[in-house]
1. Probe 1.4 Å, all protein chains in place: accessible area of residue 198 in Å², nearest 10?
2. Which order do 145, 106 take by accessible area at a 1.4 Å probe, largest first?
3. So for each of 313-320, 237-244, 67-74 I average, over its residues, the number of other beta carbons within 10 Å; can you give me the resulting order with the highest mean first?
4. Given 0.36 nm per residue, what is the gain on full extension from residue 318 to residue 333 after removing their alpha carbon distance, in nm?
5. Quick check on my link table: of 109/213; 219/347; 347/379; 135/213, which ones sit more than 26 Å apart, alpha carbon to alpha carbon?
6. Using a simple charge model, +1 on the beta-carbon of Lys and Arg, -1 on the beta-carbon of Asp and Glu, nothing else, what dipole does segment 247-352 show about its Cα centre, in debye to the nearest 20?
7. Could you calculate the FRET efficiency of residue 160 with residue 105 from 1/(1 + (r/R0)^6), where r is the beta carbon distance between them and R0 is 25 Å, rounded to 0.05?
8. So for the pair residue 378, residue 266, with labels modelled 7 Å out along Cα→Cβ, what separation do we get in nm?
Amino acid sequence: MAEIKADTATHHHHLNVSEPDISDHKPSKPKRVASLDIFRGLTVSLMILVDDAGGEWPVIGHAPWNGCNLADFVMPFFLFIVGMAIALSLKRIPDQLLAVKRVILRTLKLLFWGLLLQGGFSHAPDELTYGVDMKEIRWCGILQRIALAYLVVALIEIFSRGAQTKNMAPSGFSIFKLYYWHWLVAACVLTIYFAVIYGTYVPDWQFTVLDRKSIDYGKSFTVACGVRGQLDPPCNAVGYIDREVLGINHMYPRPAWKRSKACTENSPYAGPFRHDAPSWCHAPFEPEGIVSSISAILSTIIGVHFGHVLIQMKGHPARLKHWIPAGCALLVLGIILHFTHAIPSNKQLYTFSYVCITSGAAALVFSAFYILVDIWGIKYLFLPLEWIGMNAMLVYVMAAEGIFAGFINGWYYEDPHNTLVCSNSICFCLHFSNVISMIFVLIIFSFIV
């Protein structure tokens, strides 16, 4: 039976297939794990789609609070993929010091791009405005969360190698024992998260509206709390710790809860606040904050486990017999926790039920791609997604964050409103679509590469 091993000398994901010893058999050429590239490409495409169309179709946008819409699967899918990539990329770097250096360098790159792209510097590329007030820079974001999860799980992967039992057959439940350090850390993360969200006392708090476009700009509000263990928008420990550590000026000013029924009559669409809207509707909230990012590490640990299965277990059936039941179990557990109201599924708090639902879904989606592409060989249908997945950071920067749109709109005639896509008299595209940006990026770079 062929054994799959990771080949990542250049941080790409490859599969080496080592056959039984045959004297005239030539070593097979390493190939990429196409299903992982395609899954990554799908996730990037989903992110662009929901960012671009989520306002028009709220069913695919982020849930205002509890619940799980299409957009709420994007971040956990990324973290799951990062986990699988960690297992594949670090497997073939035996030098511990070299592996640590690469992990730290990659983490710093993610933090740099996260602060640049989501900190507020390029806040309105369609309006050709740039720059950020350091008093209001957003410290947290998608790439910053990925950086934290990547750093923690990658370091666990590196420093736990010596603790692995060398003569243990990686089959069934023994693979959990083989990588027991990962699960010990997961248990610690979950314990800390529960202790914080249910044990932290949240006092009353105040804030001032800093959005210059708001009719309430400059007004101060007070939110009454004085409770412990609440998971509602105004009085949860996740928001409280972010306000105390990050500062309320450095948090995301347009949280999804502004579309909730308590805040606007247009819910789930965005709209003017109700006349009796509670004060917290005007407040910022950080969906990628400190405590929720600690919980997000769990998604990456689950992903790295699936990567271990891919590397250690022999044969497609053995892997799928592990992946599919695990994915179904996580999905069912999360749904039960949510609908019994034991632990609601909430992306902004990154609750345990949310981890289970989204990680289970990620496991099943990846398993489906693995069957279609790596087993049945139906790859040509997913070539665009594979290209996006192989160039995920490029597409994210150029399309998802509006850099390409800003570049196109930067070419104008006499007036900044007379751009290549819009003019004062005729506007072919009211808002330069990020989806269109992605298509342009695909076309241009397909000729370059």
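1. Its accessible surface works out to 90 Å², give or take rounding.
2. Details: 145 5, 106 110 Å².
My answer, sorted largest first, is 106, 145.
3. Details: 313-320: 15.9, 237-244: 22.5, 67-74: 20.2.
Going from most to least packed, we get 237-244, 67-74, 313-320.
4. Numbers: separation 15, 0.36 × 15 = 5.40 nm, distance 2.30 nm.
Result for the pair: 3.1 nm of gain on full extension.
5. Working: 109/213 33 Å; 219/347 29 Å; 347/379 32 Å; 135/213 18 Å.
Pairs exceeding 26 Å: 109/213; 219/347; 347/379.
6. Numbers: 9 positive and 4 negative charges, 71 e Å.
Roughly 340 debye, rounded to the nearest 20.
7. Numbers: r = 21 Å, r/R0 = 0.83.
After rounding to 0.05, the efficiency reads 0.75.
8. That separation, rounded to one decimal, is 4.1 nm.
The values are calculated or read from the model by the stated rules, or taken from the named source; none is laboratory data. Please read these numbers as outputs of a predicted model, since none were measured by experiment. For neighbour counting, all protein chains shown are included, and Cβ atoms are generated from backbone atoms with ideal geometry for every residue, glycine included. To get the accessible areas, we keep the full protein, side chains included, count just its heavy atoms, and leave off ligands, DNA and RNA. Shrake-Rupley method; radii C 1.70, N 1.55, O 1.52, S 1.80 Å.
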